[in-house]
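Since the structure comes first, as structure tokens, the remarks are kept for the end.
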Amino acid sequence: MLVDHVGFLFFPDQIVFRMIGRMAFPLFAFLVAEGYERTSNLRKYFVRLLAFAAISQPVYMLFRFATDGTTNDLNIFFTLAAGLFAVTLWDKLPLASSIPAIALIAGLAQFLGFDYGVYGVMSVPLSRLILYHRKWGIAVLLLLPQIPVLVRFLWGVISIQTYAAMSVPLIALYNGQRGRVLPRLFFYAFYPGHLFVLWLIWYVIH
């Protein structure tokens with residue numbers, strides 16, 4: 001993620017930064033799906049994601065304005081919160097009800113400008129497959145990034161989202177064991193924190 005944002009802001013012509021950065025979101029989506037399995041308080045988890053979405057949005061707007069002049073999109077925490085809601089519906093509702101409900105959430109995310117849109121929201125519940133059906137889950141996670149690539153290609157746009165599939169081997173290596181423990185809020189705070197630092201450097205330079 002940091003590599004991606006450094007490239008996006010300071011080296012927009014160096015596509016290798018963006019290619020490496022495509023690996024970040026699938027990892028975040030998987031971690032939210034795993035968090036759903038492990039959390040003892042789903043409501044608190046959801047509120048935490050929304051809280052950091054609100055905290056991050058002003059900084060995200062500064063960053064996006066510096067990169068491409070836009071300020072209307074919503075940051076990744078909104079996407080992850082919507083994905084968590086989607087996986088909850090998938091788990092709690094009958095399949096016939098959950099599919100249209102999730103489709104509605106994903107469609108709203110696309111319409112409202114959530115980062116990664118439909119692809120982002122769907123990545124969370126589909127990442128959960130690997131926890132229960134390993135081979136199917138790996139296949140889905142390899143194919144999922146190719147959908148936005150195909151859609152953009154049909155519109156005459158070349159997308160680098162295909163490189164998101166590079167994250168799948170890392171996800172497949174996950175064994176369910178916790179690694180080195182850092183403060184819980186570190187990873188949440190890192191997102192708005194690094195965006196602000198990068199924007200500040202850009203502002204000083206310009």
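Readers should treat all values here as calculations from the given coordinates under stated rules, not as data from a laboratory. It should be emphasised that the depicted structure is a prediction, and the values quoted were computed from it without experimental measurement. When we count neighbours, we look across all protein chains shown, and the Cβ atoms used for this are built from the backbone with ideal geometry, even at glycine.
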Quiz prompt | Label-to-label distance, nm, for residues given as Val3 and Lys135 (7 Å Cα→Cβ offset) | solution = 3.1 nm
Quiz item: Over all Cα pairs of segment 1-85, how is the pair count split among 10 Å bins, expressed in % and running from 0 up to the last occupied bin?
Solution: 17, 40, 32, 10, 1
Quiz prompt | Test item: Cα-centred dipole of segment 2-205, Lys/Arg +1 and Asp/Glu -1 on Cβ, debye | solution = 620 debye
Quiz item: How far apart, in nm, are two points set 7 Å out from the Cα along the Cα-to-Cβ line at Val47 and at Thr71?
Solution: 3.1 nm
Exercise. Take the chain, connect every pair of alpha-carbon atoms lying under 10 Å apart with a spring to form a Gaussian network, then pick out the residue of Pro58, Pro125, Pro94 with the largest mean-square fluctuation.
Key: Pro94
Quiz item: Over the chain, what is the mean sequence separation of C-alpha contacts under 8 Å (at least six apart), divided by residue count, expressed as relative contact order in percent?
Solution: 26 percent
Exercise. Could you tell me which of rounded, prolate or oblate describes segment 32-183, using a ≥ b ≥ c as the square roots of the eigenvalues of the alpha-carbon gyration tensor, with rounded for a/c under 1.5 and, failing that, prolate when a/b is larger than b/c and oblate otherwise?
Key: rounded
Quiz item: Between Ala101 and Glu37, what is the FRET efficiency for a Förster distance of 25 Å, r being their Cβ-Cβ separation, to the nearest 0.05?
Solution: 0.80
Quiz item: For the peptides 44-55, 111-122, 72-83, what is the packing order when you average, over each peptide's residues, the other Cβ atoms within 10 Å and list the highest mean first?
Solution: 72-83, 111-122, 44-55
Exercise. Quick one: which residues, 5 or more positions from Arg22 or on another chain, have an amide H under 5 Å from its amide H? H modelled 1.01 Å from N in the peptide plane, none for Pro or chain starts.
Key: none
Practice problem: Hey, can you grab everything whose amide H is under 5 Å from the amide H of Phe114? Only 5+ residues off in sequence or another chain; H modelled, so Pro and N-termini drop out. | Solution: Leu74
Quiz item: How large is ³J(HN,Hα), in whole Hz, for each residue of segment 169-176 in order, when computed from phi with the Karplus curve 6.51 cos²θ - 1.76 cosθ + 1.60 and θ = phi - 60°, using x for Gly and Pro?
Solution: x, 5, 5, 5, 7, 5, 10, x
Exercise. Can you tell me which of 11-21, 168-178 comes out highest on packing, and rank the rest after it, using the mean Cβ neighbours within 10 Å?
Key: 11-21, 168-178
Quiz item: Lys/Arg Cβ at +1, Asp/Glu Cβ at -1, dipole of the chain taken about the Cα centre: which of Pro58, Tyr174, Phe30 is farthest positive-ward?
Solution: Tyr174
Exercise. Sort segment 76-153 into rounded, prolate or oblate with this rule: let a ≥ b ≥ c be the square roots of the eigenvalues of the Cα gyration tensor; rounded if a/c is under 1.5, and if a/c is not under 1.5, prolate when a/b is larger than b/c, oblate otherwise.
Key: oblate
